Amino acid sequence: KIITLDHDKKIVHVAKNFFKKGKLENKIETVISPALDTLKKFIQEGKKFDLVFIDADKGNYKNYYDISLNLINAKALIIFDNVLWHGDVYKKTVTDKQTNIMREFNKYIKNDNRVEKVILPLGDGLTICRKV
């Protein structure tokens, strides 16, 4: 079963149409609510996941990460999208807010010994973390 989180009803409506087209509507649950609130609710409910994929507001990546670590068992995965931020995280001359947020997030993950991690330079970059 897949659970998706989004705060935008229009996006969820479009997604549900594709789920239905693919005959997956019974396997995919959508939750329309701020993701941080929903993740905290999942912790209270004792839910556990094998995989958490995060592609949301970058300013909250660290918060999503810390909460998600409580939602997965050992050896489960958390995957983050856009961690290379168009390659800008490596360009010292690029210092805009979003790029700096992604740099700080990458540094946070790098220094966290609760997970094994790797950045895959696919697309805009994926970080895969495995809880130890």
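May I ask you to say which residue of 40, 48, 62 is surrounded by 13 or more Cβ atoms within 10 Å (Cβ to Cβ), under 20 Å from residue 130 (Cβ atoms) and basic (Lys, Arg)?
That would be 62, the only listed residue that is surrounded by 13 or more Cβ atoms within 10 Å (Cβ to Cβ), under 20 Å from residue 130 (Cβ atoms) and basic (Lys, Arg).
Would you mind finding the one in 81, 88, 50 that is modelled with pLDDT of 95 or more, in contact with a Phe, Trp or Tyr (Cβ under 9 Å, 6 or more places away or on another chain) and of a type in the set (Asp, Glu)?
Matching residue, one of 81, 88, 50: 81.
Determine, yes or no, whether residue 108 is over 23 Å from residue 7 (Cα atoms) and touching a helix residue (DSSP H, G or I) at 6+ places or on another chain (Cβ under 7 Å). I'd like the intermediate steps shown before the answer.
On the way: over 23 Å from residue 7 (Cα atoms): yes; touching a helix residue (DSSP H, G or I) at 6+ places or on another chain (Cβ under 7 Å): yes.
Judged against the criteria, residue 108 is a match.
Any chance region 78-87 includes a residue that's without any contact (Cβ under 8 Å) to a residue 24 or more places away in the chain, out of contact with any Pro (no Cβ under 8 Å at 6 or more places or on another chain) and of a type in the set (Asp, Glu)?
No, region 78-87 contains no residue that is without any contact (Cβ under 8 Å) to a residue 24 or more places away in the chain, out of contact with any Pro (no Cβ under 8 Å at 6 or more places or on another chain) and of a type in the set (Asp, Glu).
So, in region 78-97, how many residues would count as being aliphatic (A, V, I, L, M) and surrounded by fewer than 18 Cβ atoms within 10 Å (Cβ to Cβ)? Spell out the reasoning first.
Within region 78-97, the subset aliphatic (A, V, I, L, M) is 78-79, 83-84, 89, 94.
Still in the list and also surrounded by fewer than 18 Cβ atoms within 10 Å (Cβ to Cβ): 79, 94.
Number satisfying all stated conditions: 2.
The values are calculated or read from the model by the stated rules, or taken from the named source; none is laboratory data. None of these values were measured; they are calculated from a predicted model. Here the Cβ is made from the backbone with ideal geometry for all residues, glycine too, and neighbour counts use every protein chain on show.
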